[in-house]
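> What follows is a structure written as structure tokens; I'll ask about it next.
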Amino acid sequence: STMRERKTTDPLPSADPLHSSTDLSEGKEKLRLKQEVGLISSVSLIAGTMIGSGIFMSPEWVLHHMGNPASSLLIWAACGLLAMFGALSYAELGTIIKESGGEYIYILRIFGSFPAFLFAYTSVILVRPASLAAVCLSFAEYAIAPFYPGCSSPQVAVKCAAAACILVLTIINCLNVRLATSVMNIFTAAKLLALLMIVVGGLVLLANGQTQSFQNGFQGTTAGIGAVGVAFYQGLWSYDGWNNLNYVTEELKKPEVTLPRALMIAIPLVTCLYLLVNVSYLAAMTPSELLSSGAVAVTWGDKVLGSWAWLISLSVALSTFGSSNGTFFSGGRVCYIAAREGHMPGILSMAHVRCLTPSPALLFTSAMSLIMIISGSFTSIVNFFSFMAWLFYGMTISGLLYLKIKKPELPRSYKVPIIIPIIVLMAAVYLVLAPIIDQPQIEILYIILFIFSGIIFYFPLVHFKYHPRFLQRVTLHLQLLLEVAPTTRDES
């Protein structure tokens with residue numbers, strides 16, 4: 001029988017991806033009515049997602065690429081400003097296209113099906129798993145560091161701990177949605193405690209006159225465009241999450257007001273906190289000590305807290321575990337919405353029949369993250385993640401400029417000055433091209449080839465809607481094995 005006949009006659013939960021997309025669309029329409037996320041929750045969502053592993057891992061790499069403390073602090077401030085500009089541009093997009101899904105839905109509505117598919121394909125297979133792998137590697141660095149005092153942790157031990165972290169997160173998120181959200185809320189307190197501890201300690205050190213790291217602060221600044229671009233990658237990784245509120249636009253109370261206000265509160269707050277933390281690191285350590293530290297916050301704790309240094313390791317490990325849980329928890333959103341539009345396999349849009357969790361999407365993300373942990377390091381994963389992310393950020397921002405110039409009549413409750421998205425687009429072009437021009441790496445060519453390899457799947461499976469019979473059988477077997485079914489409309 002044809003797929004269309006299967007949809008109407010098959011009594012089992014259908015494996016047809018178009019069917020599951022339709023069901024999902026209906027469920028999503030109902031979800032849109034539940035606008036329960038207010039201003040405080042929105043600020044917490046942005047700040048809680050942004051404050052993760054980056055501020056505990058990236059400072060040494062920003063300093064390494066910039067060459068001195070003062071220019072590295074300028075990079076951190078510039079990253080915060082760029083995140084703010086990007087978020088304000090997204091705020092206008094969110095008030096024009098009031099749908100959840102972030103970049104995916106904006107690219108789909110402005111540029112059409114093909115580029116949106118390439119984004120979803122790259123995001124689900126590479127970007128989301130890369131983000132999770134990098135956060136879990138930073139968790140592992142801090143969890144393992146106390147067992148190897150005075151020396152770097154073995155990479156085998158770090159990667160095993162990161163893999164264990166991913167497996168634990170997979171179990172938590174597959175078992176129970178409420179358990180996953182509880183873990184996320186509890187660990188948010190740990191990350192704030194860790195950062196405040198570092199900030200207060202740094203202020204005490206500065207008050208006692210420990211300012212030697214800031215003398216001749218600009219001496220030896222790196223001038224290469226590639227090095228500055230990679231330093232931006234490492235800094236912007238710590239700010240990643242500024243766009244997360246756009247993934248839940250449909251669930252915001254008064255999105256036209258809440259979206260821009262939450263961004264204007266959360267991002268400057270995080271920027272100030274990051275600058276103070278970096279100042280604290282440099283007050284406690286010389287630049288050379290900071291560069292030789294595998295876990296910056298742990299080294300800071302050893303110098304400032306003495307016998308209580310274990311508190312920093314514990315707080316940072318808890319913080320990064322909570323962030324990785326948040327990344328894992330939200331990772332399926334693009335997958336679901338892409339399935340709603342017919343751009344993802346039906347199996348990835350299904351939920352466990354008893355636990356009501358998106359276990360196939362979670363298991364897939366887990367498997368891809370484990371592969372990245374085995375094959376990469378924290379800094380390499382962040383660099384390639386940032387390259388892909390800013391490629392699509394640039395495309396999304398160019399879509400906003402198109403709407404501002406060609407469709408000024410579209411209703412929008414919030415307007416950002418056109419110069420701001422122009423600056424963000426120029427920065428995105430720089431961040432994508434600078435490392436390629438200055439220090440071309442074969443891995444970047446592989447990433448570009450991977451993005452365009454989506455063409456192989458798009459035309460037969462999406463454009464021409466060709467679905468081989470064996471894929472339907474595979475999906476049905478996976479449904480039985482994983483005990484999952486397409487999301488259905490609530491009949492009550």
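> Work out the length of the dipole vector of the range 404-485 about its Cα centre, built from +1 on the beta-carbon of each Lys and Arg and -1 on the beta-carbon of each Asp and Glu, and round it to the nearest 20 debye.
520 debye
> Oh, and also: Please turn the phi angles of the range 233-238 into ³J(HN,Hα) values with the Karplus equation 6.51 cos²θ - 1.76 cosθ + 1.60 (θ = phi - 60°), one per residue in order, whole Hz, x for glycine and proline.
These are the phi-based 3J(HN,Hα) values: 3, 5, x, 5, 4, 5 Hz.
> Can I ask one more? Counting only heavy atoms of the protein chains, get the accessible area per residue of the range 346-487 (1.4 Å probe) and round it to a whole Å² value. Don't skip to the answer; put the middle values down first.
Working: 7360 Å² over 142 residues.
Accessible area per residue, the range 346-487: 52 Å².
> Give, rounded to the nearest 20 debye, the magnitude of the charge dipole that the chain has about its Cα centre when Lys and Arg contribute +1 at Cβ and Asp and Glu contribute -1 at Cβ.
For this selection, approximately 860 debye.
> Here's a follow-up. Under the rule that an exposed site lies in a DSSP loop and has at most 10 other Cβ atoms within 10 Å, name the longest stretch of the chain with no trypsin sites (Lys or Arg not before Pro) of that kind, not counting the sites themselves.
Within the chain, the longest run free of exposed trypsin sites (Lys or Arg not before Pro) spans 35-353.
> May I pose another question? Once the cut-off is 35 Å, how many percent of the Cα-Cα pairs in the range 39-478 end up in the long-distance tail?
Values: 26299 of 96580 pairs.
Counting every Cα pair in the range 39-478, those more than 35 Å apart make up 27 percent.
> Taking chymotrypsin sites (Phe, Trp or Tyr not before Pro) as candidate sites, keep only those in a DSSP loop with at most 15 other Cβ atoms within 10 Å, then name the longest stretch of the chain containing none of them.
219-463
> Per residue of the range 401-414, in order, report the coupling 6.51 cos²θ - 1.76 cosθ + 1.60 (Karplus, θ = phi - 60°) as ³J(HN,Hα) in whole Hz, putting x for Gly and Pro.
4, 4, 5, 5, 8, 8, 10, x, 7, 4, x, 8, 7, 9
> Describe numerically, in nm with one decimal, the distance between label points set 7 Å from Cα along Cα→Cβ at ALA77 and at LEU39.
2.8 nm
> Okay, next question. Provide the gained length on full extension for the span LEU193 to ARG109, in nm with one decimal, where the gain is 0.36 nm per separating residue minus the Cα-Cα distance.
Extra length from LEU193 to ARG109 when fully extended: 26.1 nm.
> Work out how much length ILE447 to ALA157 would gain on full extension: take 0.36 nm times their residue separation and subtract the Cα-Cα distance, in nm to one decimal.
101.6 nm
> Sticking with this one: With a point put 7 Å past each Cα toward its Cβ, work out how far ILE437 is from PHE147 in nm, to one decimal.
4.6 nm
> Which entries in the list LYS98/LYS465; LYS98/LYS406; LYS98/LYS404; LYS191/LYS253; LYS253/LYS404 go over 21 Å, if you measure between the two C-alpha atoms of each?
On the way: LYS98/LYS465 28 Å; LYS98/LYS406 19 Å; LYS98/LYS404 16 Å; LYS191/LYS253 27 Å; LYS253/LYS404 25 Å.
Distance filter (> 21 Å) returns LYS98/LYS465; LYS191/LYS253; LYS253/LYS404.
> Also, quick follow-up: Rank VAL270, SER58, ALA162 by how far each Cα sits towards the positive end of the charge dipole of the chain (+1 on Lys, Arg Cβ; -1 on Asp, Glu Cβ) and give me just the farthest.
VAL270
> As a check on your grasp of the helix formula, calculate [θ] at 222 nm for the chain: sum -39500 (n - 2.57) over DSSP H runs of n ≥ 4, divide by the residue count, round to the nearest 500.
On the way: 23 runs with 346 residues, N = 492.
The helix-only estimate for the chain comes to -23000 deg cm²/dmol at 222 nm.
> Ok, one more. So, R0 is 25 Å and r is the distance between the beta-carbons of TRP310 and SER288; what FRET efficiency does that work out to, to 0.05?
0.50
> Could you please state how large a percent of the accessible area of the range 39-478 is carbon and sulfur, counting protein chains only and using a 1.4 Å probe?
Taking all protein chains in place, the range 39-478 shows 71 percent carbon and sulfur surface.
> Separate question: What ranking, highest mean first, results for peptides 131-137, 347-353 when packing means the other Cβ atoms within 10 Å averaged over each residue? Display every interim value, and only then the final one.
On the way: 131-137: 30.3, 347-353: 22.3.
Sorting 131-137, 347-353 by mean packing, highest first, produces 131-137, 347-353.
The values are calculated or read from the model by the stated rules, or taken from the named source; none is laboratory data. Given the structure is predicted, the values throughout are model-derived calculations rather than measurements. With ideal geometry, Cβ positions are generated from the backbone for all residues, glycine too; neighbour counts draw on all protein chains shown. Protein only, heavy atoms only, side chains kept; ligands, DNA and RNA dropped before computing areas. Shrake-Rupley method; radii C 1.70, N 1.55, O 1.52, S 1.80 Å.
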